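Some notes on the structure that comes next.
The values are calculated or read from the model by the stated rules, or taken from the named source; none is laboratory data. The structure displayed is predicted, hence computed values, not measured ones. Neighbour counts are summed over all protein chains in view; Cβ atoms, including those assigned to glycine, are modelled from backbone coordinates with ideal geometry. Remember, those area values only see protein heavy atoms, side chains included, never the ligands or the DNA or RNA. Shrake-Rupley method; radii C 1.70, N 1.55, O 1.52, S 1.80 Å.
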Amino acid sequence: MGIEVKYLGWASFLLTTPQGLKILTDPFLAGDEALGVPKSPVDPKDLVVDLILASHCAADHFAQAMDVMANSETTKILGDHSTMCLTEMAGFGDLNGPRAELTTSGATYPIADCKIRAVDARHIAFVHFPDGRYLTGEPLCYIISIENGPTIFFGGDTSITMDMKLWGERYRPDIAIIGIGGVDLGGRSLDEMDPEDAAMCAEMLGVKTVIPMHYRGSDYLERFQKALAVRAPHCKCQAMKAGETILL
């Protein structure tokens, strides 16, 4: 059996496991014209999921998380201390509540037919509040092992790291969902991982399929496809459009 993957845009995916568990990654759906990120074709009000998987608290990965939490009293969120703090501030309970699921690098979270292991992301988790306060935390990647399904590496906002070779050897992921670009900062692209680095990451992870995300423009995708063909010719690039659904 496989897993249903629906791309919502940027770094947001809706994963449906063989048992019907619905996992939403990094819900940034409103878009931001200044950052060059288009709005998702999916309205957050229409999303009812079992678990939100938060890589970190940056707005372009977390902005609509609480909107989705509000759709169902049973939706949970998995993330680091900073995302748990934001969840509590929004009124969805503290760390001892039934909806906020704290994790940290190295920890495994079992749910239904999945085991979700958190690993380090080479990045920063940061949110700045209007009153001048700020919050930092632990950015994460996730390795999602699905019973009777594939093992998926979700990279969040990580940059390239040799840890990916270790994760590939230890967890043997089949699919990688990784960023290949970044947002527009006044004409400068802030690429946590560029296409060439992303191709090396796919090679180190040893995956059979890679889904590129977190990029603007076809030139990024073309660069990634060329680099992937050199670094990991065995690996298929499964580029997706926002709103598209596939079975892997």
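Expressed in units of 2.2 N^0.38 Å, where N is the residue count, the Cα radius of gyration of region 60-104 is 1.01.
How high is the FRET efficiency between Val48 and Val230 when r is their beta carbon distance and R₀ equals 30 Å, given to the nearest 0.05? Don't skip to the answer; put the middle values down first.
Working: r = 42 Å, r/R0 = 1.40.
The value I calculate is 0.10.
At a 10 angstrom cut-off on C-beta neighbours, averaged per residue, how do the peptides 202-211, 33-42 rank from highest to lowest? Let's see the in-between values first.
On the way: 202-211: 22.5, 33-42: 15.4.
The densest-packed peptide leads the list: 202-211, 33-42.
Listed highest first by mean packing, meaning other Cβ atoms within 10 Å per residue, what order do 152-158, 21-27 come in? Could you put the intermediate results ahead of the total?
Details: 152-158: 26.7, 21-27: 24.3.
Highest mean packing first, the order is 152-158, 21-27.
Over the chain, what is the percentage of antiparallel beta bridges among all DSSP beta bridges, to the nearest 5?
Details: 35 of 54 bridges.
Rounded to the nearest five, the antiparallel share is 65 percent.
Ignoring lysines fewer than eight residues from Lys208 along the same chain, the ones with Cα atoms less than 18 angstrom from its Cα are Lys165, Lys226, Lys236. For region 225-248 and region 158-177, what is the separation of their Cα centres, given in Å? Each part reduced to its Cα centre gives a spacing of 16 Å. The apolar share of the surface of region 1-131, taken as the fraction of accessible area on carbon and sulfur atoms (1.4 Å probe, ligands and nucleic acids excluded), comes to 52 percent.
Report, in whole Å, the centroid distance computed from the Cα atoms of region 126-149 and region 1-28. If you average the Cα positions of each part, the centres end up 17 Å apart. For region 153-237, the per residue solvent-accessible surface stands at 43 Å², with DNA, RNA and ligands left out and a 1.4 Å probe.
For region 25-167, what is the relative contact order in percent, using Cα pairs closer than 8 Å and at least 6 residues apart in sequence? Walk me through the intermediate numbers first.
Numbers: 286 pairs, mean separation 26.8, N = 143.
Value for region 25-167: 19 percent.
Summing Cβ point charges (Lys, Arg +1; Asp, Glu -1) relative to the Cα centre of the chain gives a dipole of roughly 580 debye. In a simple Cβ point-charge model (Lys, Arg +1; Asp, Glu -1; nothing else charged), region 111-248 has a dipole of about 260 debye relative to its Cα centre.
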